[in-house]
Each structure stands twice: as C-alpha cells, then as structure tokens.
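Worksheet: one structure, shown below.
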2 protein chains.
Amino acid sequence: MSRPITIALHGGAGNLVRYRGTGRLEEAEAFLSTLIDDLYVMLEGGSAALDVVTHACVRMEDSALFHAGRGSSPNTKGYVECDASIMCGRTRAAGAVASVRSVKNPILAARTVMEQTDHVLFVGTEAELLAEHHGLAVVDANYFQPCDTAAIATEVPSAHRGTVGAVALDLNGILAAATTTGGTLRKTAGRVGDTPIIGAGTYAANRVGAVSCTGVGEYFIRTAAAHTIVSRMQLLGETVGVAAGTAMSDIEALGGNGGIIAIDDRGNVAMPYNTTGMYRAVRTSRGERLVASL
Amino acid sequence: MSRPITIALHGGAGNLVRYRGTGRLEEAEAFLSTLIDDLYVMLEGGSAALDVVTHACVRMEDSALFHAGRGSSPNTKGYVECDASIMCGRTRAAGAVASVRSVKNPILAARTVMEQTDHVLFVGTEAELLAEHHGLAVVDANYFQPCDTAAIATEVPSAHRGTVGAVALDLNGILAAATTTGGTLRKTAGRVGDTPIIGAGTYAANRVGAVSCTGVGEYFIRTAAAHTIVSRMQLLGETVGVAAGTAMSDIEALGGNGGIIAIDDRGNVAMPYNTTGMYRAVRTSRGERLVASL
C-alpha cells in the first residue's frame, strides 16, 4: 500500500445560505475545485506539506474571494488588518504575524518569521518591516478588494467570518497547517483572533494531526481548539472525527460558532462546522474528493 | 476538612546563580515573601482567584524588581513593549494585550479586555487606547526602571527572561491564572512571546488546573505548554507534577528553557524549571510555604 496523502482547505465558515442564488457559492466552489486538484498534484509530485499549505493560502489570499489577503475587509477604523500563522508538524516550528496592514501575503510573512527568525510571532509595524526586509511584496490600501462589498454598502453584518486555511499530509508523512485572515468586516481595530495563535487557530504535530480553524476566534482561543484536537488524538487515541467534533461541541457550548478542518497522520479528515456553511475542499489518496460550501 | 486554597507566583526563570552575592536574590525573595502572605490572606478572606492573581501581577509589575511593568527593559529599538494575559477557570473567559508601550499595568489591560469587551486579544496602539478609554493609568517612557541596569550598561545578555505570573485556587474552588512581561532585554522589536497567548503562557480550567509560564516563549508557544499541562491532567488524570514535568521535558527536548507554575483543583502545586533559578513563592492551606530563587 502506498503512502497516504491528503489536502484539505477551508475558506471560512458562516451564514452562507444567505448567498444562495447569488452565484457566489458557485464561484467560490469553482475556485476551490481547481485549487484542490492543483494542490493534490503538488503532493503527488512529492511537494512538502509546508509548501502545499503555503501555496494554498497564497492562492486563496490572492483570489479576493475570501476574507484574507486581497479579499480582506476594513476594520472599524477603515483599514485592513491581517493575521496569519503556519506550523510544521515535523519540527513543530511555527511562525505568525498579527495586525499587519501592508503585506500582500500574510501567510508568507508568517513563514518568513518561522524560517528566518528565532521567533514565532511578530505584530504590527515591525512585522511589516520584517516582511519587507525579507523581500515580500508590500501593498497599499488600494490593493484590497473586500469580498463582502454588498455587506459594506448595506451595513449588514458580514455573512461569514474571514479566515482561510489548509492542512496537508505529504508523501513523507509530514503534516503541516496554515491559516490566514483579513478579519471580519468592521472588526474592532487592534483586535486579534485565533488565526495567528498557535494552538488556537493552527496546530500540527507529526504522527498525530494538523488543524486549521475558522469562526469567532475568541472561542477558539479560550478552548485552545487546534491544540485540543491534537491532544485528544495523541493522549486519548481518539479519531480525528471524534476529536474535532468534541472541540466543536465545546465551542458551541460556550456560545461560539465556526468550523474546523483536521487531518490525522493516515490522511483521515474531519471538517465539522456549526454554521450554515463552510467553504471547504478535500482530496485524499483513498480517492475521496469533496468541494462544498453548504 | 475545609476547602483548600493555594497561591503560587513566579518572577521569571533564568541564570539566576549569576546574581549570587549581589543581594538581588535576597531583595526579590523578601518582596515575594511579603507578597505571598498578603495574597494568602486575601484568599483566606474569600477573595476571588481572579482578583488575587490580578493583584499579584500588579504588585510585581509595580515593584520594578522583575521584567514586567515598571521593571521592563527596552527592546532593540530602545522602547519597552509589554504583554499580559489572564484567564478565569470557571468561565474560561480570557483577556490579553500584546506590544503595549504606555500602559502602567498591562495585567489590568488584559483584565479589561476580558471583562469589558467581547474579545480576547488586543495589540499595539489600539490596546493602549482601549486601556486608556477604560480609565487605566498611562505612563511615558520615563516611568520604566529596567530591573537589569547592569546588563544594559555592560551589554551582557540578561540573566533571566522577563515574565511574572500567578495562579490561584480560591475558597469557591475557582482557579485563575495571570502572566505579564516587559520582554527580555534587547528583545527584537515587535516580537511577541508566550505571555499573551492563552494556551501557551497562561491557561486555567476549573476542576482541572491553572498554569503560568516563563522562559523562552517561542518553545512554550510551539508546545502549547499551559494547555498541554491542563490537557494531560484532564484527559490522562496525570498529577500536576507529572503533567508540568512532562511539558517542561518537551520544551527542553526542543532546546528551550524556562519554568512553570501549575496548580490543580485540590491545591497541589508544581513549579518545575530547567534554568539555574526561578523566582517563586507558594503558600497552601495544607501549610506549605516556600519562597525561593535558586
């Protein structure tokens, strides 16, 4: 039996039924359908899990279809703040940035922190300077094309939380996870959610699992959601489905909502959410393939 | 048998043997000796764990004896950046601030985030504005009296990492944890460690335990140290000593160092560290009392 590979993505969870009939769900699904196959081909060709989840996030950031990267929405003070994190399951090396305004691809800034510094997290202007110093593309406020322009115009709350993410298991059995967000529309300025918090929005540990979360970040921080899932799999031997479901139930019990993508070291996948939808896609070497939003 | 109460503190871990003969260890221990008794009296009198850990951190921040609050050290760009977090075990409510420069007591800003907003983490200028808006004391750069002036003058590395913290179990069986830091001397500007990260530097869950960490924060983030300890106690039934020791060993295996204070819901305490010293104090209703640095 050949070694298993798996790639799973999310593009945010929320009240997506609201978009029925607008063409928006179909547009996002078409994008994810192409992306999931491209990423699977990368894994089949021997690409490292870390490179695959990075590439997944860059593509979603650049698409302007989700609340991340180009699609980020302005906060209460009218400017975009992005957060991102990435983790390698083999070494448990991690990198993250929070509250960056001028970095085109926050996930690349997170990876730069992981690989080019002794640190895990940089915030604000200094994180931007670090990214620029390492040659990452810088953009101005005109770059952003908020994906939720209807909500901006009508002052209705955004139908889904920002945040996109990816988890992968590569041919070498290495797990990785990455998450990136441009915040919710009219997010309070300076507020940081779970996306850049290792253990909350993102976690990966080889021989156990990899997790990326989306939703009301405060609940994922308070429950240490990503680490909880990995801990339950590691310490209790729970399946990825039971572990992720338990974490989701805990968040719901506290009053939170959102979604989770989680995989284990054999390529099994769980994608629970307690909203009306979650943009998501998965493809595994067992022949599973799913692209969905509701 | 009466209900157990416990209070434990740390004032940072590091190469403290270097301070032998300077009087500095004795000065810190004298301070902690008074403080631990004051905090114990609060608990005996029925004060809430959350109030006791808050008070503990405020006193340590104001003392200028540790790398937190008034004793914070300038970063590579010459200014102080403070981080803090607090968590209530009963509700798992949490609050945190990162990279604040002008807040006199970062732990009070963290508590304000927890109690006065729907959020968990605020960073930078907006965190400062939030604190000011809620009436917290604001200071300018002259306020700080770096506790490591010898190291500043001589350009030698600081002998210990910043970060102070407290964990408490109150008469109602409620657990709480709080951690606050002014960063290491010449910390890279914009870098944020484990202190404001719920699950890394701070975690509390009733009926399980409360944890506060100090040391090279990156390793505590990568291992989700505080949450790991609570998870092991909760899921495996490990004692607080075994769980905290295992987390410490994991950090050491990755190349990290520091220390941990952890308590369980019956008031048992563990205070492992793998440096030459950790300022620490503990007092329990079983009659245990310890104040030590080496």
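Worth a mention:
- The convex hull around the C-alpha trace of the protein assembly as shown, projected and averaged over every direction, spans 24.5 square nanometres.
- Of A:His67, A:His133, A:His55, the one that fluctuates the most in a GNM where chain A has Cα springs shorter than 10 Å: A:His133
- Between this copy and the others, label points of B:Asn274 are 3.7 nm apart in ascending order, each placed 7 angstrom from Cα in the Cβ direction.
- Per-residue surface analysis assigns B:Asp140 an accessible area of about 90 Å², computed on protein heavy atoms at 1.4 Å probe radius.
- Charges were assigned to the Cβ only: +1 to each Lys and Arg, -1 to each Asp and Glu. The resulting dipole of segment A:6-292 about its Cα centre is roughly 420 debye.
- Separation of the A:Arg286 and B:Ala137 label points, Cα + 7 Å toward Cβ, nm: 6.0 nm
- Antiparallel DSSP beta bridges within the protein assembly as shown, as percent of all bridges there, nearest 5: 95 percent
- P(r) weight above 27 Å for segment A:6-292, C-alpha pairs, percent: 30 percent
- Computed 3J(HN,Hα) for segment B:208-213, one whole-Hz value per residue from the Karplus formula 6.51 cos²θ - 1.76 cosθ + 1.60 where θ = phi - 60°, is 10, x, 9, 9, 9, 10, glycine and proline marked x.
- Rounded, prolate or oblate (a/c below 1.5 giving rounded, otherwise prolate when a/b exceeds b/c) for segment B:153-292 by Cα gyration tensor: prolate
- Environment charge at A:Leu169 (Cβ cut-off 10 Å; Lys +1, Arg +1, Asp -1, Glu -1): -1
- Per-residue mean of foreign Cβ neighbours for B:87-94 is 2 (Cβ atoms of other chains, 10 Å radius).
- Each label was represented as a point 7 Å from its Cα along the Cα-to-Cβ direction; for B:Lys77 and B:Val17 these points are 3.8 nm apart.
- Residue-count net charge about A:Val113 - beta-carbon cut-off 15 Å; Lys, Arg +1, Asp, Glu -1: -3
- Computed over protein heavy atoms with a 1.4 angstrom probe, the accessible surface ordering of B:Glu26, B:Glu128, largest first, is B:Glu26, B:Glu128.
- Förster radius 30 Å - calculated FRET efficiency between B:Thr91 and B:Asp62 (Cβ-Cβ, nearest 0.05): 0.65
- Net charge of neighbours whose Cβ lies under 11 Å from the Cβ of B:Ser99, counting Lys and Arg as +1 and Asp and Glu as -1: -2
- Modelled FRET efficiency - R0 30 Å, A:Arg3 with B:Leu254, Cβ distances, 0.05 increments: 0.70
- Whole-angstrom gap from segment A:1-78 to segment A:182-253, using each part's C-alpha centre: 18 Å
- Restricting attention to segment A:6-292, close to 90% of DSSP beta bridges with both partner residues there are antiparallel.
- Descending Cα extents along the principal axes, segment B:59-144, whole Å: 37, 24, 23
- Gaussian network model of chain B, Cα within-10 Å springs - most flexible of B:Leu254, B:Leu50, B:Leu185: B:Leu254
- The lysine pair tally for the protein assembly as shown, using Cα distances under 26 Å and a gap of 8 or more places or different chains, is 8.
The values are calculated or read from the model by the stated rules, or taken from the named source; none is laboratory data. Remember, predicted model here, so these are calculated numbers, not experimental data. Using ideal geometry, Cβ is built from the backbone for each residue, glycine included, and neighbour counts are taken over all protein chains shown. The area values use the complete protein model at the heavy-atom level, side chains included, leaving out ligands, DNA and RNA. Shrake-Rupley method; radii C 1.70, N 1.55, O 1.52, S 1.80 Å.
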